[in-house]
Structures are given as C-alpha cells and as structure tokens.
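Okay, so here's the structure we're looking at.
The values are calculated or read from the model by the stated rules, or taken from the named source; none is laboratory data. Since the model is a prediction, treat every value here as computed from it, not as a measurement. FYI the Cβ positions are ideal-geometry reconstructions off the backbone, even for glycines, and counts take in every protein chain you see.
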Amino acid sequence: MNILLDETQVFLTLPGDIQDANFLRFLEKVGQERLKSFSIEDFLILDLVHREESIPQKWQPQVKNLIEAGILEKYSRGRGVRYLFSRAYYDFIGKSGAYTRKRGLDRDTNKELLLKHIRDSALKGARFQDLTQVLPMLTRRQIQKLLDELRSLKLINKEGTTRSTLWHPVSIAPP
C-alpha cells in the first residue's frame, strides 16, 4: 500500500514471503561457492522462471550470468527459448526426476519415440494426429521437423499430402 506522507516522502510496503525455502537454501549455497551476490533483477528473473513466464530481452545479460553460475539452464532453440532451474537445484532438493520431466526428452529420444510408433503402426500407417499424442509436449511444427529428419535419414516415408497423410517405416512403406 502506498501512503503519501508529504510531497517528498512516500511509505511503501512490499510483501516478502518466501515462496520456496529449498530454492533460497540453494541460492545461499551457490552464492557461497561462487562468491556471487544476486541483484534484484536476478531475483525477478528467477521468479519469472519459477512461474514459467518469458524473460524480457533487457535482462538477457543477467540470464547468461545465471546460466554461468549454474542456477539456470536454457533449453529449446530459436524464438521458443525457455529456461528452467538447473539439474544441480533439483539434485539439491532431491527431485532429479522432476528435472527430467520439466526439461523433456532430448531430440534423439523424441525421434526414437516417433519411429517406434510409426513402426508399431506399420500396417495401417501412423497419422500425424497420433504422432502428436506420442509427444504432447511438442508443437506440431517441432514434430514435423523431427519427421522431416527421420525422412531425410530414409527411415520413414509418407503416403499422401493432406490431413490423411500416413507415415510408414521404410522397410514396410507402400510402393
């Protein structure tokens, strides 16, 4: 609440509740190990990452510092760059599985999952809609790029060009 005391003074109260005590302990540990002090912008960035929100462009230099300090990691590429707390944080709080879930699978693992589904659907063919269910965390465009890579490796073929396109493994692809 802002209260105007006079023309030159303002009384301001800011909430200061600790939302994640484990994260605060992790920051203390990192700060001691690296002799790093954190700025207000650093804490604002960490809050945005915690809430899975985008980080303003003007704070990108601070983001780089937080990555170098081992607090954040960058994942994804291009305009869809996202950040998450580092593996060290999740190890520190004893939730390394949560890190893997949030980070997602690597590109090769995603391609293998798509290829497995296409092989399992070899006789009838795999529809794109089915493939989006295999990797629900990816966008349609990301899945299409993975399919294009599998196709360029000559592991899969497609039959058709519309929404009814079917994907087949090369060894059982229709003529």
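Which residues, taken from the stretch 111-141, are part of a helix (DSSP H, G or I) and buried (at least 18 other Cβ atoms within 10 Å of the Cβ)? Lay out the reasoning, then the answer.
Going through the stretch 111-141, the residues part of a helix (DSSP H, G or I) turn out to be 111-120, 128-134, 140-141.
The answer is Lys111, Leu114, Leu115, Ile118, Leu131.
Filter the stretch 86-110 down to the residues that are surrounded by 16 or more Cβ atoms within 10 Å (Cβ to Cβ) and among the hydroxyl-bearing types (Ser, Thr, Tyr) and list them by number.
Matches in the stretch 86-110: Ser86, Tyr89, Tyr90, Tyr99.
Filtering the stretch 31-76 down to residues that are in a loop (DSSP other than H, G, I, E, B) and hydroxyl-bearing (Ser, Thr, Tyr), which residue is farthest from Met137 (Cα to Cα)?
Quick first cut of the stretch 31-76, residues in a loop (DSSP other than H, G, I, E, B) only: 35-39, 51-56, 69-71, 76.
Still in the running and hydroxyl-bearing (Ser, Thr, Tyr): 37, 39, 54, 76.
Values: Ser37: 35, Ser39: 33, Ser54: 17, Ser76: 12 Å.
The extreme case among them is Ser37.
Scanning the stretch 66-96 for residues that are of a type in the set (S, T, N, Q) and modelled with pLDDT under 90, which turns out farthest from Arg25 (Cα to Cα)? If you could, list the steps in order and put the result at the bottom.
The first filter runs over the stretch 66-96 and keeps only residues of a type in the set (S, T, N, Q), leaving 76, 86, 96.
Still in the running and modelled with pLDDT under 90: 76, 96.
Working: Ser76: 28, Ser96: 17 Å.
Filtering first and then ranking leaves Ser76.
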